[in-house]
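Trainee: Structure provided below as structure tokens; questions to follow.
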Amino acid sequence: MCRSIHVLFNLDPPVTAEEIEAAALQYVRKVSGVTRPTAANEEAFAAAVRAVAEATTTLLQSLVTKAPPRDREVEAAKARARAAKRYARA
């Protein structure tokens, strides 16, 4: 999975439309293998990002959980610790 895409479900504060859009963009970039589409592919690329963002929004609104929301700061600290371990010089 692309490391730039983060878990968006059950966060406190809740996920924003901008975060969903950013995740959709990263997903489409990863799947297509293209960071910036050519002019000929720009419309298809943008349509794909919109479709993925809409599907993600629908999914997140449909999911239910009994777990308490995860604190963004705690999750960010865990991610930094994993990154430090992963990229530590041996």
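The values are calculated or read from the model by the stated rules, or taken from the named source; none is laboratory data. Here the structure is a predicted model, which is why all the values come from computation and not from measurement. Cβ: placed from backbone, ideal geometry, glycine included. Neighbour counts: every protein chain shown.
Trainee: So how many residues does region 54-81 have that are within 11 Å of L11 (Cβ to Cβ) and of a type in the set (D, E, K, R)?
Mentor: 5
Trainee: Does region 19-41 contain at least one residue that is surrounded by fewer than 14 Cβ atoms within 10 Å (Cβ to Cβ), out of contact with any Cys (no Cβ under 8 Å at 6 or more places or on another chain), among the charged types (D, E, K, R) and at pLDDT 95 or above?
Mentor: no
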